[in-house]
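Take a look at the structure set out below.
The values are calculated or read from the model by the stated rules, or taken from the named source; none is laboratory data. Since the model is a prediction, treat every value here as computed from it, not as a measurement. Here the Cβ is made from the backbone with ideal geometry for all residues, glycine too, and neighbour counts use every protein chain on show. Quick note on the areas: whole protein, heavy atoms, side chains included, nothing else; ligands and nucleic acids left out. Shrake-Rupley method; radii C 1.70, N 1.55, O 1.52, S 1.80 Å.
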Amino acid sequence: MSRILVVEDEQHQRELYAMELEDDGYEVEQASNGKEAVEKVKNNKYDLVILDIRMPEMDGIEALGKILSRDKKIPIIIYTAYSNYKSNFMTWTADAYVTKSSNLDELKNKIKEILSSRSV
Amino acid sequence: MINRRLLIQFLFYVPDIILGSILYFLHHEDYFSSGMINYIILILIVYLAVKVLLHIWVYKVFVINQIESVRRYIHNFKKGKFSLKENELRGQRYLSEIINELTDVGRHFENMVASQKDEIDKFKEFYNNIVLSVSSYFLVINQKNEIIFANKSFSTNFNLANEDIVNNSISDLFYFSGGKIADAIENVKKKGESIVLRQTRLLSKNRIAIIADVKISRITMQGENQIVLVMDDITSKCRKDYQISLISQISESIQKDDEIDRVLFSILTAVTSGSGLGFNRAMLFLYDLASETLDGKMAVGPDSIEEAVQIWGAVQGEKIDIVKKMEDYSPGDRKGGFFLEQVLSKHYKYTSDALFVKVLKEQRAYHIKDAWNDTRVDPDTREFVGVGEFIAVPLVAGNRSIGIIVADNKYNHAPIWQDNIELLSIFTVQAALSIESCKSLTTVRNQMEKIKLRQDAIVESEKMAAVGRIAAHIAHEIRNPLVTVGGYAQRIIQTVNKGLKNPESIKNAASVILKESERLEKILSNVMDFTRPSPYIREFNNLNEIINDTVSLLQNVFQERKITIQLFLEKEIPLVKSDFNQLKQVMLNLVQNAMDATPQDGVIKISTEIDGDKVIIRVKDTGSGIDEDHLKNLFEPFFTTKVTGVGLGLAVVRKIINDHNGEITAVNNPEGGAEFRIILPVPI
Ligand SMILES: Nc1ncnc2c1ncn2[C@@H]1O[C@H](COP(=O)(O)OP(=O)(O)OP(=O)(O)O)[C@@H](O)[C@H]1O
Ligand SMILES: [Mg+2]
């Protein structure tokens with residue numbers, strides 16, 4: 001069973017993703033900002049990280065760098081309301097960039113795709 | 001004191017007295033008997049012996065000792081000690097007189113020699129001073145033409161260390177010294193007669209130019225002939241002449257000019273004008289690094305003999321101010337003469353062995369006297385120039401050849417004198433520098449143009465980025481609650497679709513949707529606030545309170561940035577009909593801008609005052625002030641000079657003040673810094 005870390009400052013959204021992903025059979029943990037996420041990655045092993053960009057304390061872009069400097073191979077999906085960071089080189093190091101939507105299908109597909117490609 | 005002489009003389013006679021008295025005694029007593037004769041003979045023998053001994057003794061004591069003294073004296077005399085110890089020759093009056101006389105002579109000689117030495121030393125110093133430090137330059141050259149001595153003035157003036165001079169030849173130190181000076185030196189070597197070269201132009205290899213009268217003469221030092229060059233620097237004397245001379249005027253004006261074509265034209269005008277160098281024609285080629293070709297760039301001179309005659313007629317008739325004419329020249333009116341066209345179409349490959357390329361490569365002037373037969377001239381050049389005698393000089397800037405100038409007297413066939421060549425060569429040094437500086441100026445200008453364009457583009461894109469940022473910000477603000485609402489709604493649908501009876505989860509989702517909808521509404525009303533035509537104002541506020549509130553909010557920031565804030569608030573200020581939060585926004589924006597413009601230890605002053613039925617708020621800072629050009633744009637939305645600015649601060653301020661029926665103006669303080677003044681009406 002894959003372990004996913006959801007990093008999102010909006011509580012309702014975070015919980016929604018957790019519920020949805022657990023329903024799909026993933027084990028989900030939550031972090032409410034970049035700092036927490038970096039801490040968690042340091043102490044646990046995850047198969048995938050879902051990262052919001054705008055968060056208090058430490059934003060997603062900074063967290064992205066910190067997480068990758070710790071573990072280069074860990075897959076990361078940027079999931080944000082901003083669409084304009086997609087072409088920004090700051091996010092190139094992420095495995096995928098998905099713009100937030102009330103329809104979670106795109107996110108779920110990306111997760112499946114990345115995890116299956118990794119497990120091969 | 002007993003007289004030694006007398007005593008000695010007395011001693012001499014002692015034996016005589018004794019002998020006499022014995023004989024006298026014998027004569028009286030009649031002792032001359034035959035038996036006594038033996039005694040008498042014995043006495044005589046003793047007498048003689050004593051006498052001899054006495055003589056020997058006296059000789060030893062007096063003569064030998066005296067001679068010893070004299071010898072010692074002479075010995076000292078030889079060493080230059082002219083003194084006589086009194087007791088040594090005591091009693092020897094004659095001898096000591098002679099010796100005294102000798103001593104006097106010795107002393108006299110000593111004085112003579114001493115004063116001579118002084119004289120010689122003085123003389124030597126005098127000479128050294130002259131040779132080493134007279135303002136004339138002084139060079140001594142040996143038979144092999146190597147410099148063996150240079151005086152201080154020379155090395156100082158030409159900024160050369162002694163080792164740069166000694167063992168070098170004149171042509172190692174000076175440009176163009178091969179001609180006149182070298183000839184003169186050879187002449188002096190052969191004939192021994194001195195030569196003076198008047199007003200010789202000298203340009204040292206480190207580009208120090210002087211005009212000097214050079215006197216060349218031959219001296220013989222320890223059997224070897226040497227050549228002495230004395231150069232009297234008359235540069236400053238000539239400077240005045242030179243200054244009024246056309247060349248210098250032209251040199252100066254080309255140094256100031258930055259239009260490359262005009263510089264080139266000016267240079268060639270100087271080369272061809274009668275009061276300049278006076279060549280009939282001149283052409284200029286520049287080396288193009290990119291294409292590796294030597295390209296014809298400019299030419300000055302008549303196309304035909306008829307034109308030449310006409311021009312000279314005109315020049316002689318009315319004294320044309322050539323410098324003036326040059327200044328009037330604009331690149332547009334390059335007269336498309338045949339000669340110019342011909343030159344402009346000339347391009348020599350750097351790899352070719354054309355004469356002009358040789359001049360460029362070797363950085364050396366070529367004076368061709370008979371182009372038709374001179375093997376150094378390639379056929380193409382021969383045909384192109386079309387004249388027997390011409391001169392081609394390199395344009396050298398720094399150590400690099402940047403081009404060449406070719407000049408000839410095609411029309412009057414006047415011979416080209418060494419003088420002219422030297423002058424042209426000196427002039428080309430200045431010309432090359434002018435071309436270089438003009439070129440680099442042009443490059444700099446192009447570069448600046450490019451940078452400015454790029455900067456404009458950056459500013460433009462910054463602005464677009466700012467707009468984008470705002471849009472992104474709003475989008476983000478709205479998208480987030482929307483995503484949440486949609487997400488939970490989706491979840492409810494799924495729950496129902498799957499037939500799950502989970503009222504708790506549905507209720508949860510619905511309450512999230514509700515909350516997020518409220519949030520959305522709030523965001524929208526905030527956005528509306530910004531764009532709403534005018535707020536509905538019903539409060540009455542004390543402006544001082546608003547200011548105090550704003551300042552206390554920013555207190556930490558002031559401290560952090562070491563900015564002092566001073567308040568001059570009118571106590572009796574009337575209440576103004578206003579929106580507290582909006583006016584606070586105004587103050588915040590103004591103070592924020594003031595802080596941005598103010599360096600550390602700056603001061604921001606805020607004051608309120610009453611002016612009839614109006615109140616005035618001033619925000620003054622000690623910062624950079626506002627560019628005059630920007631004053632009119634300041635309040636436009638998105639106008640900003642800051643890299644990270646959005647340019648909405650003052651736009652919002654103006655909107656709010658307008659909504660309050662007030663006015664806002666910005667001025668620069670005469671003592672520096674900016675001042676923003678808000679006027680608000682007091683309700684009656
Ligand atoms: N006190 C001041 N001193 C000097 N220049 C000022 C001052 N206040 C404003 N300006 C100039 O006016 C421009 C516009 O100011 P404005 O507040 O509208 O935008 P901004 O400060 O650049 O960006 P922001 O939207 O973040 O406030 C500034 O960029 C600055 O050049
Ligand atoms: Mg501002």
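The table below gives the values:
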| quantity | calculated |
| --- | --- |
| 15 Å beta-carbon shell around B:VAL166, net charge (K/R +1, D/E -1) | -2 |
| Sites matching GluC sites (Glu not before Pro) across the stretch B:611-680 that sit in DSSP coil, with at most 13 neighbouring C-beta atoms within 10 Å | B:GLU671 |
| Two-site label geometry, A:LYS73 and B:ARG198: point separation in nm, points 7 Å out along Cα→Cβ | 9.8 |
| Overall form of the stretch B:537-582 per C-alpha gyration tensor (a/c, 1.5; a/b vs b/c) | oblate |
| Label-point separation, B:MET221 to B:ILE610 (7 Å along Cα→Cβ), nm | 10.0 |
| Aspartates and glutamates with Cα under 16 Å of B:LYS205, excluding same-chain neighbours fewer than 8 positions away | B:GLU163, B:ASP164, B:ASP172, B:GLU362, B:GLU422 |
| Centre separation in Å (Cα based) which lies between the stretch A:3-19 and the stretch A:45-79 | 14 |
| Assigned charges on the beta-carbon of Lys, Arg, Asp, Glu; the stretch A:7-120 dipole about Cα centre (debye) | 620 |
| Percent accessible area from carbon and sulfur atoms, the stretch A:3-118, protein chains only, probe 1.4 Å | 44 |
| Using θ = phi - 60° and Karplus 6.51 cos²θ - 1.76 cosθ + 1.60, couplings along the stretch B:189-202 (whole Hz; Gly, Pro as x) | 4, 6, 9, x, 7, 6, 10, 10, 9, 7, 6, 7, 8, 10 |
| FRET efficiency for B:THR156 and B:SER437, using Cβ-Cβ distance with R0 set to 25 Å, rounded to 0.05 | 0.30 |
| Simple spin-label estimate for A:SER117 and B:ASN111 in nanometres, 7 Å along Cα-Cβ | 12.0 |
| Rg/Rg_ref, the stretch B:134-233, where Rg_ref = 2.2 N^0.38 Å and atoms are Cα | 0.97 |
| Per residue, in Å², the accessible surface of the stretch B:352-424 once ligands and nucleic acids are set aside, probe 1.4 Å | 43 |
| Accessible surface buried once B binds A (1.4 Å probe; total of both sides; Å²) | 1700 |
| Subset of B:LYS571/B:LYS605; B:LYS584/B:LYS620; B:LYS122/B:LYS215; B:LYS562/B:LYS632 violating a 19 Å alpha-carbon distance limit | B:LYS122/B:LYS215; B:LYS562/B:LYS632 |
| Cα gyration tensor shape for chain A, rounded if a/c is under 1.5, else prolate or oblate | rounded |
| Loop-located chymotrypsin sites (Phe, Trp or Tyr not before Pro) in the stretch B:391-452 whose Cβ has at most 16 other Cβ within 10 Å (DSSP) | B:TRP417 |
